[in-house]
1. So A:Arg135 clears everything in (1) closer than 24 Å to A:Trp118 by Cβ; (2) at pLDDT 95 or above; (3) crowded, with 18+ Cβ neighbours inside 10 Å except one condition, right? Which one?
2. Before we move on, is A:Glu99 within 13 Å of chain B (Cβ to nearest Cβ) and within 26 Å of B:Ser148 (Cα to Cα)?
3. Right, A:Ala201: over 24 Å from B:Glu319 (Cβ atoms), free of Cβ contacts under 8 Å to residues at least 40 places away in the same chain and away from every other protein chain (no Cβ under 14 Å) or not?
4. How many residues are out of contact with any Leu (no Cβ under 7 Å at 6 or more places or on another chain) and β-branched (Val, Ile, Thr) if we restrict to region B:154-190?
5. Answer with yes or no whether A:Leu149 is of a type in the set (A, V, I, L, M, F, W, C) and within 26 Å of B:Phe86 (Cα to Cα).
6. Which residues, counting only those in region B:21-64, are closer than 29 Å to B:Arg272 by Cβ, surrounded by fewer than 22 Cβ atoms within 10 Å (Cβ to Cβ) and more than 20 Å from the chain's Cα centre (by Cα)?
7. Of all the residues that make up region B:199-216, how many are basic (Lys, Arg) and either surrounded by 17 or more Cβ atoms within 10 Å (Cβ to Cβ) or on the phi > 0 side of the Ramachandran plot (or both)?
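The values are calculated or read from the model by the stated rules, or taken from the named source; none is laboratory data. As the structure is a prediction and not an experimental result, all values here were calculated from the model. Reconstructed Cβ throughout: ideal geometry from the backbone, glycine too, with neighbour counts over all protein chains shown.
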Amino acid sequence: MNVGSHALNRAEAALLDLDLEALRSVVAENLAMAPKLGVFETLVAPALERIGRAWEEGDLALAQVYMASRLVERLVEEHLVSGELAHRSQPLIAMAVLEDHHILGKRLVLASLHMGGWAVADWGVVSDPVALAERAHAEGLGILLISTLMDRSARRVAEVVGTLRALGASTRVVVGGAPFRLNPELCREVGADATTAEASAVPALLERLVGVS
Amino acid sequence: MTMLLKPAERLGAALSHQEGDRVPFFLAVTLHPARALGLSIQDYLSDPEAVVEGQLRMRHSLGHDAVTSFLHVAGEVEAFGGETLFRTDGPPNTGTPPLTRAAAIERLRVPDPTQVPTLARSLTVARGLKARLGDDVPILGGLVGPLSLPVVQLGFERYLDWLMDAPDLIRQLWRINEAFCIAWGNAQLAAGVSAVAIAEPLVSSTLLPKDLLRKEGLPALRRVREGIQGAVALSSASAPMGSLLPELSELGFVGLAPSCDESLAEAKATLRGRVALMGGLNGLVMSHWTPQDAELAVKEAIRAAGAGGGFVLAEHHGEIPWCVSEEILMAVAEAVRRWGAYPLDWTAM
C-alpha cells in the first residue's frame, strides 16, 4: 500500500498537535485502501518515525515524542479492542525495565510495537537480572527487550545475558536507554544482541532479528 | 615559568576568564573514595567523617582543584517522601516515586532540607571539608534542578502525562521545587560550600519543548539562581543545551556544562569572556579507556576550550561511574598536568 505524502503529513501534524480526532480521520480515510495493520504500518508508524527522527536531530523534545506515542497507543487500543488489528506471527516477546522507576522508554517502545501488530508482554520494573533471565528462559521467550536509565543498571544486562546463556536459552536480548546511546560500546560489552537509539526504530530491528533467527 | 596557584586561585582565574598556571580540573568522584577506604558504598555515604576523609584522599591523589560535599540524588527525593536504594556497585537510586496522586501535590509544602537525614549529612560533610581545607580548595555543593526533580518525584511518565493533562499541577510542583532548591542551595552555602552546581537535564530542548522552556523553564532557573546567595553553575547532565545555550548564558550562572555530545569549541565561542565552560570528558566511556585514551581525551578538550581561561575540565554526567578504574583517573590527572599548563603554546602546533 502506498500512502501519499499528504496523508503522512496530516498524520504527523495530528500527532504533534495531539489531535486524536484528526488522527482517527486520516486513518479512517486510508482504511478503504488497505487492511488495518497495513494502515498502521504505512501511515501511522512512518509518521511516528518522522517524529522520532526529528527528536534524534534535535528538532523536537522527547516529551513531544512521548505524547505522540500516547496518542498512537490510544488509537491502537481502540482497534485492538475491536479485534480488527490482528497480531502477527512472531516469537514470544517481553519487555522489562531494569531497576529504574523513573523511565520513559518502555512506553514509547511498546506503543511503536503494538502499532506494528507485535504482541509484547510488559514485565514492568525488575530489580533482579538473574530472575529476569530465569523467567525469560522458563517462558520460552524469543526476544527480551530491556530498557535502562542508569549506567549501573545498563551494565547489569551482562548478568541477564550470562544467565540466559548458562541456562542454554536462545533468547535474543535487545537493549535501549541513555547509557547505550551515550556509550556505543556498551551493547557489545554487556553481550546484548542489538540496540537502537529511537523507540520507533525497534519494530524494524525486531523484523531483522526475527528474520535471521 | 608561572607560579603555582592554589586550587581556589586557579578556579578563580578560570571563572574570571584569565589563564592561571594551568587549566583547572575536577573529577566528580562521589563513590570511588569508598573503595579507597575499604567501605561499602552505603557505609561510606552514611558516614560524613568517612566522606570528608575520602574527598581529601582523592584530592591528594588526583590533585584536582575541588572537592564535593554532594552525596547522591536520591537524598533530595527523601525530602519528598522518597526512598533511597543502595547498591554495592553503583550510586544509590531512588525507589518508587513518592508523589503519585494529585492530592499529594496539592497538600505539598516546601520541605526543610536541614531536616532530611541525607541532606543533613551532606551539610555535615561541607562543614567538615571547610574546617580541613579553609579557603584554599573550593568545595562544590550540588542539587537537582526544579524542572528535573519531578522525574524522580513523580516518575517520568506521570510527569509528562500531567504536563499534558494537568499542567497547573506541574506548575505548582515546579514552584515548590524552586523554593526547595533555593533553600537547599543556601543551606549548603551556609555550611561552607564555595559554589552550588545545579543538575538540570530537563532544561534540554531534547526533553521538554523549547517554547515551554523559554516561557517557564528558563525563568524558573533564573529565580533559583537569584535566590541562591552565592555562585551557581548549571549542568544539563549529558542532555544537550543546543540552541538554548546563549539564553542560558544570560541567566547569571558562573559556569555552564552542556552535553558531552556537543562541540566544546562551539560552546566556548558562545560563552567566551562571559560564562565559564565546564566539561570535556564523557565518564560513561572511561571504563574502556586506556591511559593513552585518557591522555588523548584531555588533550582534545584542552585544545578545544582551554585557551584564554574560562574553562574547567570536568566530566559531563556529574559522577564518575564506579567501574572506572583509579588508574584511568590518575591518567586524566597526569595528562592535565602535562598538557594543561598555560600558556597552551602546543595547541598552535
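1. With respect to (1) closer than 24 Å to A:Trp118 by Cβ; (2) at pLDDT 95 or above; (3) crowded, with 18+ Cβ neighbours inside 10 Å, A:Arg135 is out only on (3).
2. yes
3. Working: over 24 Å from B:Glu319 (Cβ atoms): yes; free of Cβ contacts under 8 Å to residues at least 40 places away in the same chain: no; away from every other protein chain (no Cβ under 14 Å): yes.
Here the answer is no, as A:Ala201 does not meet what is asked.
4. The number of residues fulfilling the criteria is 1.
5. Spelling it out, A:Leu149 is indeed of a type in the set (A, V, I, L, M, F, W, C) and within 26 Å of B:Phe86 (Cα to Cα).
6. Passing the criteria: only B:Asp21.
7. Applying the first criterion (basic (Lys, Arg)) to region B:199-216 yields B:210, B:214-215.
Remaining after also requiring either surrounded by 17 or more Cβ atoms within 10 Å (Cβ to Cβ) or on the phi > 0 side of the Ramachandran plot (or both): B:210.
Going through region B:199-216 one residue at a time, the tally reaches 1.
Yes or no, residue by residue, for (1) surrounded by fewer than 23 Cβ atoms within 10 Å (Cβ to Cβ); (2) within 14 Å of another protein chain (Cβ to nearest Cβ); (3) free of Cβ contacts under 8 Å to residues at least 60 places away in the same chain; (4) over 21 Å from the mean Cα position of the chain (by Cα):
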{"site": "A:Lys106", "(1), (2), (3), (4)": "no, yes, yes, no"}
{"site": "A:Leu110", "(1), (2), (3), (4)": "yes, yes, yes, no"}
{"site": "A:Val125", "(1), (2), (3), (4)": "yes, yes, yes, no"}
{"site": "A:Glu139", "(1), (2), (3), (4)": "yes, no, yes, no"}
{"site": "A:Ser153", "(1), (2), (3), (4)": "no, yes, yes, no"}
{"site": "A:Glu159", "(1), (2), (3), (4)": "yes, yes, yes, yes"}
